[in-house]
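The values are calculated or read from the model by the stated rules, or taken from the named source; none is laboratory data. Quick caveat, the model's predicted, so the values are computed rather than measured. Cβ sites come from the backbone with ideal geometry, for glycine too, and all protein chains shown count toward neighbours. Only protein heavy atoms, including side chains, enter the accessible area calculation; ligands, DNA and RNA are left aside. Shrake-Rupley method; radii C 1.70, N 1.55, O 1.52, S 1.80 Å.
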Amino acid sequence: MTEVNTPAVAAQGISKSFGDRQVLSDVDLVLPEGTITAVLGPSGCGKTTLLRILAGFENPDTGTVRIAGETVAGGPTTVPVHRRRVGLMPQEGALFPHLSVGQNVAFGMDRAFGMDRAFGMARASRRDIHDRVAHWLSVVGLDGLADARPHEISGGQQQRVALARALAAQPRVLLLDEPFAALDAGLRVRVREEIAAILRAAGTTALLVTHDQSEALSLPDSVALLIDGSIAQHGTPADLYARPTSLANARFVGATIELAGSASSGVVRTALGALPVRLPVPDGSAVVVLRPEQLRFGTATSGEPARVTACRFYGADTVVHVELTDGSAVSLRSPGECALAVGSAVTVEVAGDVLAYPSPTSRQRVALGEPGR
Ligand code: ATP
């Protein structure tokens, strides 16, 4: 039996190179039992490689992987894929088109660790299989669809069949590799909410790979931000949004409004006044990062002067572009229609404390994707 505090997955010091390209560097990742963790990162940062190492399709060059306390990779140990009881749900459900929905789900039970273990009996009868398939289809809200063919159901339903197939194998951890990427925008939000609810109800430990920020912020218990093969930050979604530990992390998780400033004793002077900082920053030249919701119009007696340069109406709100006294440009969202003429004088203020980071050097600017100056 698993000890109470044994994590479902503990990967430690994972490094991996393909040829002379290092894809993962010293990655540590712990997935507590029954939680959903997202690995968020830009394309090519090594997310799928990490998943494949956990599942057993790749071996790490260094480091260990433990699943429910059992070492499955590391040193001389390599437990093969089919013995790890790790479920993998790929991007496009990958259902077998020639099998019915029910047969696809039954395949999950058979494939992962054999019918005998799935049912805890010498040999599963057709009735047992039928009941188990019906159970998992019911868990994913697809009762009565066992006889349908994959092409007869919607994309969202296909994803739920793929989930039922993965869950039917009773994995110790389920890995989901961009499972919603192939769905169109409207469907994606609905299906991901449904799947997260199913995983939570089933108490499944899951690792979700995504490069979609809203997915990474809204679904999981925690987010590991993977940049250039290293875990740049791992915390709750709120932590990553409110307290990113670097400018790169701040830019990757959520929209930013950036202002030049000068930091001194926990306050940064900017064109929007002297702003208190949320996380320590060394004195000197700094970049202030605001979240869009922190910027608002001031009153006649509050805020810093600015001039409207453009208004763009988007229905639910209007984006008002303004120029501050130092020539820098920022934009504010105002609910509904906002009829401010170009050239109008307004004031702008900042709500709450702000994030600030030392101004990047020319080299760091290049690494951040900016032109080096
Ligand atoms: P994406 O979001 O675009 O799917 P990712 O973060 O999942 O990207 P990986 O698929 O892990 O990134 O790939 C990371 C890097 O490793 C890429 O440069 C990729 O080309 C390389 N790579 C992955 N697998 C192999 C392999 N088997 N052989 C050689 N290079 C590989």
Note to self: Using the basic label-point model (7 angstrom from Cα toward the beta carbon), what is the residue 15 to residue 138 distance in nanometres?
What the structure shows: 5.2
Notebook entry, point to check: Taking Cα centroids, how far is the range 72-109 from the range 188-264 in Å?
Noted result: 26
Next item on the list: Estimate the FRET efficiency between residue 260 and residue 62 by the formula 1/(1 + (r/R0)^6), using the beta-carbon distance for r and 41 Å for R0, to the nearest 0.05.
Entry: 0.50
Checklist line | Förster radius 35 Å - calculated FRET efficiency between residue 319 and residue 194 (Cβ-Cβ, nearest 0.05) | finding: 0.65
Notebook entry, point to check: For the range 288-315 and the range 1-51, what is the separation of their Cα centres, given in Å?
Noted result: 41
Notebook entry, point to check: Peptides 172-178, 64-70, 144-150, 42-48: what's the order by average Cβ count within 10 Å, highest mean first?
Noted result: 172-178, 64-70, 42-48, 144-150
Item checked: Tail weight of P(r) past 17 Å, computed on alpha-carbon pairs of the range 1-57, percent -> 43
Next item on the list: Take each uninterrupted DSSP H stretch in the chain, measure its Cα extent along the helix axis, and return the ones at 18 Å or beyond whose mean Kyte-Doolittle hydropathy is at least -1.0.
Entry: 101-119, 126-139, 155-168, 185-202
Checklist line | Unit Cα scatterers, Debye sum, the range 255-367: log10 I(q)/I(0) for q = 0.20, 0.21 Å⁻¹ | finding: -1.05, -1.12
Next item on the list: Bin all alpha-carbon pair distances of the chain at 10 Å intervals from 0 and give each bin's fraction as a whole percent.
Entry: 5, 20, 25, 21, 15, 10, 4, 1, 0
Next item on the list: Would you mind counting up the charge near residue 250? Only other residues with Cβ under 13 Å from its Cβ, with Lys and Arg at +1 and Asp and Glu at -1.
Entry: +2
Next item on the list: Sticking with the crude label model, points 7 Å out along Cα→Cβ, report the distance from residue 6 to residue 71 in nm, one decimal please.
Entry: 1.5
Item checked: Relative contact order for the chain, counting Cα pairs under 8 Å that sit 6 or more residues apart, in percent -> 15
Note to self: Using a probe radius of 1.4 Å on heavy atoms only, what accessible surface per residue do you get for the range 255-367? Whole Å² is fine.
What the structure shows: 52
Check: Ignoring any ligand, DNA or RNA, what whole percent of the accessible area of the chain comes from carbon and sulfur when the probe is 1.4 angstrom?
Finding: 52
Notebook entry, point to check: Where both residues lie in the chain, what percent of DSSP beta bridges are antiparallel, nearest 5?
Noted result: 75
Notebook entry, point to check: According to a simple spin-label model (label point 7 Å from Cα along Cα-to-Cβ), what is the distance in nm between residue 99 and residue 25?
Noted result: 4.2
Checklist line | Environment charge of residue 135, counting only residues whose C-beta is closer than 11 Å and scoring Lys/Arg +1, Asp/Glu -1 | finding: -2
Item checked: Heavy atoms of residue 129 accessible to a 1.4 Å probe, total area in Å² rounded to 10 -> 50
Next item on the list: Provide the gained length on full extension for the span residue 236 to residue 293, in nm with one decimal, where the gain is 0.36 nm per separating residue minus the Cα-Cα distance.
Entry: 18.6 nm
